[in-house]
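These notes are about the structure you will find just below.
The values are calculated or read from the model by the stated rules, or taken from the named source; none is laboratory data. All values derive from a computational prediction rather than experimental measurement. Methodologically, a virtual Cβ is constructed for each residue, glycine included, from the backbone with ideal geometry; neighbour enumeration extends over all protein chains shown. Keep in mind that these areas ignore ligands, DNA and RNA; they rest on the heavy atoms of the full protein, side chains included. Shrake-Rupley method; radii C 1.70, N 1.55, O 1.52, S 1.80 Å.
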Amino acid sequence: MRLWSQTPILGAIDWRTTAMLRLYTRYQNSAGERVRIVLNLKALAYEYVAIPSLSDAAYMRLNPQRLMPALEVDGHVVTQSLAIIELLEELHPDPPVLPTDPFARGRARAFAAVIAADLHPVTVNRVRRYLAEELGADDAALAAWYRHWARSAFDTLEALLARRERSTRFAYSDAPGLAEACLVPAMRNARRFDCDLSGHPILCAIDEACRALEPFRRAAPESQPDYKPR
């Protein structure tokens, strides 16, 4: 595998440990983008390892599930984006990516789960490929599938934010964090599939505000060293 280095983007790093962080991912992987955003928000230096294929033998030894991303911390490998983010929050709590209020923290986790646990698993490429190759779904059916589940998730998220007890600049805080790290890649994917986002003004405003910030720009697919324009 070819190794790429990603340098810190936010000032000086307060290293709580001397651990070397190595992220295995590729540019167009929304779960990996979530982790890149959090690494950038926390100003953590990491090594970017571009995975050429999920069937790559070396990567399969690291992650038997053959999904991205995986984070290696001094030889310890953790998979699943939300688990990786929680680990980063424990190892490097400053700055936090979860609100200080426990109820807001719980809501931020629930917001993230709607995307990472409900929307993402049914719309990823391997699911669409199965629908096409095994069940005969054509392009129109695949697009309808994606838009149905995206609309369901975004309707839920918009409703959750609309009933917040306190208005904040971002989802549940005045600083971006876990919720936004999950939202921005999901909104990017929705635009790729021409989803109608006009009914989700709160989500669109948060997404736009985030995409103007350097940690999010540096985590975007087009900013990765293995990026290949389609």
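Structure notes:
- Residue satisfying all of: in region 145-171; of a type outside the set (Gly, Ala, Ser) and touching an Asp or Glu at 6+ places or on another chain (Cβ under 7 Å); surrounded by the fewest Cβ atoms within 10 Å (Cβ to Cβ) among these: THR168
- ASP196 open to solvent by 90 Å² or more (accessible area, probe 1.4 Å) and either acidic (Asp, Glu) or in contact (Cβ under 8 Å) with a residue 60 or more places away in the chain (or both): yes
- The number of residues in region 34-65 that are in contact with a Phe, Trp or Tyr (Cβ under 8 Å, 6 or more places away or on another chain), modelled with pLDDT under 90 and of a type in the set (D, E, K, R) comes to 0.
- PRO221 surrounded by 18 or more Cβ atoms within 10 Å (Cβ to Cβ), closer than 27 Å to ALA83 by Cα and within 19 Å of the chain's Cα centre (by Cα): yes
- Any hit, region 179-189, residues being of a type in the set (Val, Ile, Thr) and under 20 Å from SER30 (Cα atoms): yes
- Qualifying residue in region 115-129 (condition: open to solvent by 70 Å² or more (accessible area, probe 1.4 Å) and either of a type in the set (Phe, Trp, Tyr) or on the phi > 0 side of the Ramachandran plot (or both)): no
- Within region 130-144, tally of residues that are more than 16 Å from PHE193 (Cβ to Cβ) and open to solvent by 80 Å² or more (accessible area, probe 1.4 Å): 4
- The number of residues in region 68-79 being buried (at least 18 other Cβ atoms within 10 Å of the Cβ) and in a loop (DSSP other than H, G, I, E, B) comes to 2.
- Of the listed requirements (1) assigned to a loop (DSSP other than H, G, I, E, B); (2) open to solvent by less than 50 Å² (accessible area, probe 1.4 Å); (3) not polar (S, T, N, Q), PRO95 misses just one: (2).
- Subset of region 177-193 (residues that are more than 16 Å from ALA116 (Cβ to Cβ) and either open to solvent by less than 60 Å² (accessible area, probe 1.4 Å) or at pLDDT 95 or above (or both)): ARG191, PHE193
- Of all the listed residues (GLU165, GLU214), the sole one being in contact (Cβ under 8 Å) with a residue 24 or more places away in the chain and not aliphatic (A, V, I, L, M) is GLU214.
- Within region 1-18, being modelled with pLDDT of 50 or more and touching a Leu at 6+ places or on another chain (Cβ under 7 Å) holds for no residue.
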